[in-house]
1. Which strands (runs of 3 or more DSSP E) does segment 15-107 wholly contain that include 2 or more residues that are closer than 24 Å to His191 by Cβ and not aliphatic (A, V, I, L, M)?
2. Can you tell me which residues in segment 87-119 are open to solvent by 10 Å² or more (accessible area, probe 1.4 Å), of a type in the set (Phe, Trp, Tyr) and touching a strand residue (DSSP E or B) at 6+ places or on another chain (Cβ under 7 Å)?
3. Which condition breaks for Val69 when tested against (1) among the aliphatic types (A, V, I, L, M); (2) over 30 Å from Leu96 (Cβ atoms); (3) within 34 Å of the chain's Cα centre (by Cα)?
4. Looking at segment 188-224, which of its residues are within 17 Å of Val93 (Cβ to Cβ), aliphatic (A, V, I, L, M) and either within 20 Å of the chain's Cα centre (by Cα) or open to solvent by 90 Å² or more (accessible area, probe 1.4 Å) (or both)?
5. Can you confirm whether Thr229 is of a type in the set (S, T, N, Q) and either within 19 Å of Ile22 (Cβ to Cβ) or at pLDDT 95 or above (or both)?
Amino acid sequence: MTTPDHQSPASAPVVPAARDRIYRSPMGLVGGVLLLALVVWLGCDALFRGHGRVPWLALAVMILVVPLVTAFTLRPAVFANQERLRVRNPFRVILLPWGELATLRSGYSNEALATSGTKFQLWAIPVSLRARKRAANKRAKAAAQAARGGSGPFAGPRFGMFGGDASVPDVSAGPARAETDKVMDDLRDLHERHGEADHAQGEITTRWAYEILIPALAGAVLLAVLLITG
């Protein structure tokens with residue numbers, strides 16, 4: 001007698017969690033490392049070489065400034081997978097399922113707009129107006145060069161060093177766009193593909209970054225006490 005072929009829940013294969021795409025600001029990371037190095041260098045110098053109240057003031061400033069610099073430079077990141085968008089801003093972490101996201105919009109800042117109307121700024125994906133201007137200039141230059149290549153007394157293909165038509169720029173990869181705008185395009189694509197899926201539904205949750213707020217508050221209190229009692 002044979003039994004039906006089935007698997008118990010314990011023996012069922014585990015479905016691996018979707019891997020996150022991680023988006024961060026390279027310039028923010030570089031600037032944060034340099035600022036932290038400067039703060040630690042100056043602070044340690046005052047801490048070990050200062051006299052009187054100077055070491056205590058240096059310690060209070062370091063306790064206050066290091067978490068804040070970390071919060072605004074190294075901490076911001078956006079994590080995206082097939083289920084949700086996780087936004088790690090300086091002082092909060094927002095978990096936003098795709099089903100609760102209305103749209104992603106770009107202006108002077110990049111924002112995620114929830115179906116409830118709440119806006120969440122994406123600190124890790126800053127808008128660069130200069131990069132947008134450079135991308136627009138590249139598109140205009142490519143269009144002008146393509147127009148010149150198709151008319152005039154010397155119209156026709158001109159072959160480059162490695163072959164191919166050198167008269168018209170290669171735009172097969174799509175129009176030139178700023179890097180942060182490309183990132184927003186990726187996020188919009190994920191939203192369009194998974195916004196209606198069952199696995200992308202849920203509630204929006206937010207969490208305060210107490211690991212940043214508590215040390216910064218302690219440094220601010222210590223600095224205030226030292227200044228008042230000085």
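1. 21-23, 84-88, 92-97, 101-106
2. Phe91
3. (2)
4. Ile204, Ala209, Ile212, Ile214
5. Here the answer is no, as Thr229 does not meet what is asked.
The values are calculated or read from the model by the stated rules, or taken from the named source; none is laboratory data. Quantities reported herein were computed from a predicted structural model and do not represent experimental measurements. Backbone-built Cβ (ideal geometry, glycine too); neighbour counts: all protein chains shown. Heads up: the accessible areas ignore ligands, DNA and RNA and are worked out on the full protein's heavy atoms, side chains in. Shrake-Rupley method; radii C 1.70, N 1.55, O 1.52, S 1.80 Å.
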